[in-house]
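Down below is the structure, laid out as C-alpha cells.
The values are calculated or read from the model by the stated rules, or taken from the named source; none is laboratory data. All of these numbers come straight from a predicted model, not from anything done at the bench. Cβ: placed from backbone, ideal geometry, glycine included. Neighbour counts: every protein chain shown.
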Amino acid sequence: MTVLVTGGVGFIGSHLSEALLQEGRDVIAIDTLDPYYDVSLKKQNERLCQQAGPGEFNFIQGSINDSDLVGDVIANNDIEVVYHQAAKAGVRPSVEQPVAYEQNNVMGILTLLEAAEKYGVNRLIHASSSSVYGIPEYLPYDEEHPNNPKSPYGVTKLASEHYCNVYDQLHDISTVNLRYFTVYGPRMRPNMAISNFVSRCLNNQPPIIYGDGKQTRDFTYIDDIVEANLALLNSDAGDGETMNVGSSDNISIRQLAEYVVEETGVDVEIEHKKEKDADSRHTHADISKANDLIDYEPSYDIREGVNEFINWYKQNREWYEPLILNT
C-alpha cells in the first residue's frame, strides 16, 4: 500500500511517515517547506524518513493547492489512504494573516478532497485541532461541546472538518477528523513553549511565561498522536467521525515550567511577561470517544513526555538548539 502524507516532513507528518515506513508502507510526502520556521528542521526530517525503511519514501516539494500536482500524485500511485497533516500552523500568526490561512488551509483541503474523490481514495484522515472549540463552556471538551473558535486558525480547521464531513456524506470517500491537543516531542517546532523552556533552562536562563501561568493545556506526546493515526489505516471504525486525540493530562503552564526546571536540574526563577491573547486559556480533552472507536489510550503523561524530550534535546542539541535561539 502506498500512503500519501501531506505536510509529510513537518513535525507530526514526519513522525507519521517514519512509522508507516517502518511498518513497510510506501509513503509519498508532499510539503511546501514553508519557512514559518527554519526549513533545515524539515530537511532533517526528510533525511530521517529516507532512512526509516523498509518502506520506500518519496518526497515532493509542492503545495496541496496545486490541483494538477495533487491529482497526478494520487492517480499515478494508486493512493488508497491520505493523511492530511499539511496546514499553515500557529494561532497567533493567523490573527495577522487570516487570508493566507484561509487560502492555505481551507482551499488546500478542498483541492485535496476533490482529487481524492476523483481518483478513488478510500479514506482521508484530517488533522484538526482543539482550537475549533474556543472558550470552554465546560471541561474536558467532548465532541459535543459547541464550536466557537477564537482565532482564524481555529476557523480554518473547523471549516476543513465541515468539508470532510460533506465529502464523506456525498461521495464514495471516508473521512475522519482527529482533533489534536497541543502536540509535543522530538523535532517539534522550535517556537513551542516546551522547546523554549528546555532551551532556556539548559542555558541557565529562566523560562518565560506569558501571563500568570494559570493557563492550562492538554499536552499530547507525538508517539500517541502517531498511534491514533495508525489505528485508522486499515480500520473503518472512525469513518465519518470526529474525535479528540489528547492525553487527558491537563496541567498549567506554570506547572510545565516547574517540571522543566526540576528535570533539567537548574537553579532559576521563572519569569512572567504580558500575556499574548489569541487562544483559549484552557484546553482539556475528553478522549472517551477515541478510546471507544479505535482503542486509543495515551502512553505518556506530561512528566514522562517532558523527560523524553529533554533527553532527545540533549542528544541533538548541536543542530536543534540554534533553531530555537533564532526564532
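In the range 269-299, what residues are touching a Pro at 6+ places or on another chain (Cβ under 7 Å) and either surrounded by 15 or more Cβ atoms within 10 Å (Cβ to Cβ) or polar (S, T, N, Q) (or both)?
Keep residues of the range 269-299 that are touching a Pro at 6+ places or on another chain (Cβ under 7 Å), which gives 269-271, 280, 282, 284-286.
270, 280, 282, 284, 285, 286, listed by residue number.
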(message) Residues to consider are 177, 165; find the one that is under 28 Å from residue 117 (Cα atoms), in contact (Cβ under 8 Å) with a residue 60 or more places away in the chain and either crowded, with 22+ Cβ neighbours inside 10 Å or among the aliphatic types (A, V, I, L, M) (or both).
(response) 177
(message) For a quick check of your reading of the model, give me the residue pairs whose first member lies in the range 28-55 and is loosely packed, with under 14 Cβ neighbours inside 10 Å, whose second is in a loop (DSSP other than H, G, I, E, B), with beta-carbon atoms closer than 6 Å and at least 6 apart or on different chains.
(response) 54/24
(request) Under 6 Å between Cβ atoms, at least 6 apart or on separate chains: pull out the pairs that start in the range 280-292 with a residue that is without any contact (Cβ under 8 Å) to a residue 12 or more places away in the chain and end on any residue that is of a type in the set (Phe, Trp, Tyr) and outside any helix (DSSP H, G or I). (result) none
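Is it the case that some residue within the range 183-195 is modelled with pLDDT of 95 or more, at positive phi, under 14 Å from the mean Cα position of the chain (by Cα) and not aliphatic (A, V, I, L, M)? Step through it out loud before you land on a result.
Initial filter on the range 183-195 (modelled with pLDDT of 95 or more): 183-188, 194-195.
Going one step further and asking which of them are at positive phi, we end up with 185, 187.
Still in the list and also under 14 Å from the mean Cα position of the chain (by Cα): 185, 187.
After this cut, where a residue has to be not aliphatic (A, V, I, L, M) as well, the list is 185, 187.
Yes; the residues of the range 183-195 include at least one that is modelled with pLDDT of 95 or more, at positive phi, under 14 Å from the mean Cα position of the chain (by Cα) and not aliphatic (A, V, I, L, M).
Quick check, is residue 112 buried (at least 24 other Cβ atoms within 10 Å of the Cβ), of a type outside the set (Ser, Thr, Tyr) and touching a residue at least 24 places away in the same chain (Cβ under 8 Å)? If you could, list the steps in order and put the result at the bottom.
Working: buried (at least 24 other Cβ atoms within 10 Å of the Cβ): yes; of a type outside the set (Ser, Thr, Tyr): yes; touching a residue at least 24 places away in the same chain (Cβ under 8 Å): yes.
Yes; evaluated as a whole, the condition is true for this residue.
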(request) For the range 15-28, state whether one or more residues are outside any loop (DSSP other than H, G, I, E, B), among the small types (Gly, Ala, Ser) and more than 21 Å from the chain's Cα centre (by Cα). (result) no
(request) Tell me which residues, restricted to the range 305-318, are more than 12 Å from residue 224 (Cα to Cα) and surrounded by 13 or more Cβ atoms within 10 Å (Cβ to Cβ). (result) 306, 307, 308, 309, 310, 312, 313, 314, 316, 317
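State all residues of the range 96-123 that are charged (D, E, K, R) and out of contact with any strand residue (DSSP E or B) (no Cβ under 6 Å at 6 or more places or on another chain); if no residue qualifies, say none. Lay out the reasoning, then the answer.
As a first pass, look at the range 96-123 and keep what is charged (D, E, K, R): 96, 102, 114, 117-118, 123.
Residues satisfying the conditions are 96, 102, 114, 117, 118.
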(message) Just to be sure I understand the filter: pairs with C-beta atoms under 9 Å, separated by 6 or more residues or on different chains, first member in the range 180-191 and farther than 18 Å from residue 249 by Cβ, second member polar (S, T, N, Q) and at pLDDT 95 or above. Which pairs pass?
(response) 186/316; 187/14; 187/44; 187/45; 187/316; 189/195; 190/196; 190/199
(message) Please go through the range 273-296 and give me each residue that is at pLDDT 95 or above, out of contact with any helix residue (DSSP H, G or I) (no Cβ under 6 Å at 6 or more places or on another chain) and not in a helix (DSSP H, G or I), ordered by number.
(response) 284, 285, 286, 287, 295
(request) Say whether the condition of being over 21 Å from the mean Cα position of the chain (by Cα) and more than 29 Å from residue 326 (Cβ to Cβ) is met by at least one residue in the range 93-110. (result) no
(request) Report, by residue number, each residue of the range 111-133 that is closer than 25 Å to residue 182 by Cα and over 15 Å from the mean Cα position of the chain (by Cα). (result) 112, 123, 124, 133
(request) Give the residues of the range 130-162 that are assigned to a strand (DSSP E or B) and either among the hydroxyl-bearing types (Ser, Thr, Tyr) or buried (at least 22 other Cβ atoms within 10 Å of the Cβ) (or both), sorted by residue number. (result) 141
